[in-house]
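A quick write-up on the structure given underneath.
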Amino acid sequence: MDAVACPRCDLLHASTRLPAGASAHCARCGNALPIPARHEQAAWIAATLAALIAFAVASAEPMMGLSELGFHWSLTLPQSAAMMWLEGSETAAVLVAVCAMAAPAGYLLALLVALLATRSAAAPRWSATPIRWAFALRRWAMPEVVLLGVLIAYVKIGELTDASPGTGMGAIGVLVLLIAWLNASVDWAALWSRVPCKQ
Amino acid sequence: MVARSVQAVTAPPAIAAEQGLAACHACALLLRVGERAAAPRCARCGANVRVRLPQSLQRTSALLVAAAVCYVPANVLPVLVTTSVGRVYPDTILQGVLDLCRSGSWAIALIVLVASVMVPLGKIGTLAGLVWLAAHGGSADRRQCTRLLRLVEFIGRWSILDVFVDAFVVGLLQFGPWISARPGPGVPFFAATAVLTMLAASAFDARLLWDARRVEHADVR
């Protein structure tokens, strides 16, 4: 069927293939319409791979470190979630683990699989699963909020003792930029348009 | 990114639900839905297809009430307990903001105040208003309402900010009796407010805002 309904107001629109970089908006409520445009899928795959590398560095390297009384102490993302758990704030620990680690990792991995599976015009039917996963996890992956949280914690700690930024902080900065670009440019309608329907 | 807007209007304007059609909420495929009570499965992605999200307004209201209830202890109880040379400082969110002000970090104090105190209230208030409009109708500009909902979804995640701040402060400040920090009893409530408002926003079906209105050509620009 060459029609789409606006996801926000249900108004029907004719679906036409859009030129590269274009997007269609609902004539009534102004929301973006799920109409695919021509695009360069290789760029998305490259950005997703780069984001996965940035994520790995951001998780493994310390966000910041501090020296006090001859001790040196540094903290990675997984350690901060673990510390919250050990200090008795399990809710916060789970939230950090999900929004800062599990969701970004899951989003990027599912997106990579989805992009690779839909490279050709006739994608396998199972590619629907990674696309759905990637789309659902996208909302809970919030590296930009984590980055601002790290920066504010850095300022707060800096008032009490000497803190120094770590490699992880730079890596999460890169991750924020890459995920922001992916969120703005990945055309979900284009991915879906390649998944065949069950007869 | 500047996107060219392409208008593809069917004339006369038609509503999918009134034509016996429904868009899959996961992959947007337009499907013909009969009068059957059972939800059909999407032919493309296998998701359950529903003309409107079931009990959208009830679910959204319930999540909003829960978020509003959690908002009170989130702001009254301390979220960060700092121990410095034997003295204990339990800080609520607002005290944390005041501390940042006192030390001259005005910009950061403002960010924390907006993200942690004002954004949750704004989300609850805006969504409550939209639920009321969808349930009772009203002359508010629906286009602006849809824009407001997008804004709530976009800003929503920032209200989790303080949880990340606390996680890093607690993780780093671990020098026994000299300087140490641990999460306060307000943290679970604070986290719950943020998550509940995000869930409320996704439980709200924006199409309900438009359903009460007849489609007129004047609506379509």
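Quick notes on this one:
- Checked against the criterion of being in contact with a strand residue (DSSP E or B) (Cβ under 6 Å, 6 or more places away or on another chain) and aliphatic (A, V, I, L, M), the candidates A:Leu115, A:Leu137, A:Leu160 yield just one match: A:Leu160.
- Matching residues, segment A:109-154, being surrounded by fewer than 24 Cβ atoms within 10 Å (Cβ to Cβ), of a type in the set (A, V, I, L, M) and farther than 30 Å from A:Leu66 by Cα: A:Leu109, A:Ala110, A:Leu112, A:Val113, A:Leu116, A:Ala117, A:Ala121, A:Ala122, A:Ala123, A:Ala136, A:Leu137
- Pick from segment B:182-194, criterion buried (at least 24 other Cβ atoms within 10 Å of the Cβ) and at the interface with chain A (Cβ under 7 Å from one of its Cβ atoms), ranking: nearest to B:Val131 (Cα to Cα): B:Ala191
- Residue within segment B:155-173 that is surrounded by 20 or more Cβ atoms within 10 Å (Cβ to Cβ) and touching a Cys at 6+ places or on another chain (Cβ under 6 Å) present: no
- Yes/no for B:Ala115 being buried (at least 17 other Cβ atoms within 10 Å of the Cβ) and touching a residue at least 60 places away in the same chain (Cβ under 8 Å): no
- Just one of the listed residues (A:Leu178, A:Leu151) is closer than 23 Å to A:Ser23 by Cβ, of a type in the set (A, V, I, L, M, F, W, C) and either outside the structural domain of A:Ser23 (by TED's automatic domain parsing) or outside any helix (DSSP H, G or I) (or both), and it is A:Leu178.
- Residue pairs whose Cβ atoms lie under 6 Å apart, sitting 6 or more positions apart in sequence or on different chains, and linking a residue in segment B:82-104 that is without any contact (Cβ under 8 Å) to a residue 12 or more places away in the chain to a partner that is surrounded by fewer than 18 Cβ atoms within 10 Å (Cβ to Cβ), are B:Ser103/A:Glu159.
- A search for C-beta distances below 6 Å between a residue of segment B:183-210 that is among the charged types (D, E, K, R) and any residue that is buried (at least 24 other Cβ atoms within 10 Å of the Cβ), counting only pairs 6+ apart in sequence or on different chains, returns B:Arg207/A:Cys9; B:Arg207/A:Asp10.
The values are calculated or read from the model by the stated rules, or taken from the named source; none is laboratory data. Note that this is a predicted model, so its numbers are computed, not measured. Glycine also receives a Cβ, built like all others from the backbone with ideal geometry; neighbour counts cover every protein chain displayed.
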